[in-house]
Amino acid sequence: MPTDHRHHLGVSVAVPDVAGRNFWGGRTFVRGQGPTERDNHGEQRHSGWLRRTSAGFTEELSWTADDRELLHERRTVDVRRIDDTAWALDVTFALTNTTGRPLGIGSPATNGRPGAGYGGFFWRAPKEARPADVFSADADGEDAVHGRPADWLALAGGRWTLVFSGPDPWFVRTGEYPGVGSSLAARERLAVPPAATVTRRIVTGIADGRLGRDEAAALARALGGGETG
């Protein structure tokens, strides 16, 4: 719970707008008003374990607002060793619309705040005295990589590097705080028909040291991942 954004809880699957309900935390961006405190927060309720091992787990969750389920989630998290200096965190989440009617997933960007298309997988990294570097295979810096898809994206701190592989445009912050997310609704709302399922897989390599582009690319090749549905 970092003091600058207390609702950023490490690695998360969170969405700021599911049919108008906030499953991200904090304030809600309202068109024409800006960030606004609203009584519209939903809850992710753990329903049960399908698998629990030393290498990971699969759980079911209910995304509920006003005691009514909007989404049913199946979340799978696995870890694996890559080598002596790196390991991988493999996260897959599948969101099923259980309302019986069309449902929309949005973001502050789709509600009128340009560039704020966060929502989905999100990794809040530790804040250090020097801002983390961010780069992809062919771009450097927050402005160059934010809001764009890339086969892989690296966030490098003082003594660590995260390399992300995923299918969606990347939401990136380094100046204000270090964070990377895979955006479900970067520019337009994501429509989810009744009983339909949205699936995403994001694989992250966690490496000791500050990797360069060639080293990050090699780690990305070892990850695989980036599936969508």
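Give the residues of the stretch 126-139 that are part of a loop (DSSP other than H, G, I, E, B), under 19 Å from the mean Cα position of the chain (by Cα) and at pLDDT 95 or above, sorted by residue number.
Matches in the stretch 126-139: A132 only.
With respect to W152, is the statement that it is of a type outside the set (A, V, I, L, M), surrounded by 15 or more Cβ atoms within 10 Å (Cβ to Cβ) and in contact with a helix residue (DSSP H, G or I) (Cβ under 8 Å, 6 or more places away or on another chain) true?
yes
Give the stretch 176-199 a look and list any residue that's in contact with a strand residue (DSSP E or B) (Cβ under 6 Å, 6 or more places away or on another chain), buried (at least 16 other Cβ atoms within 10 Å of the Cβ) and closer than 24 Å to W87 by Cβ, or say none.
G179, V180, G181, S182
Can you name the strands (runs of 3 or more DSSP E) wholly within the stretch 1-84 that have at least 1 residues being buried (at least 18 other Cβ atoms within 10 Å of the Cβ) and aliphatic (A, V, I, L, M)?
Qualifying strands (runs of 3 or more DSSP E): 11-18, 56-65, 68-83.
Would you mention how many residues in the stretch 191-223 are in a strand (DSSP E or B) and of a type outside the set (S, T, N, Q)?
Summing the residues that are in a strand (DSSP E or B) and of a type outside the set (S, T, N, Q) in the stretch 191-223 gives 11.
Could you run through the stretch 85-119 and say how many residues are in a strand (DSSP E or B) and either loosely packed, with under 13 Cβ neighbours inside 10 Å or of a type outside the set (G, A, S) (or both)?
The total comes to 11.
The values are calculated or read from the model by the stated rules, or taken from the named source; none is laboratory data. Computed from a predicted structure; not experimentally measured. Ideal geometry is used to build each Cβ from the backbone, glycine not excepted, and the neighbour counts take in all protein chains shown.
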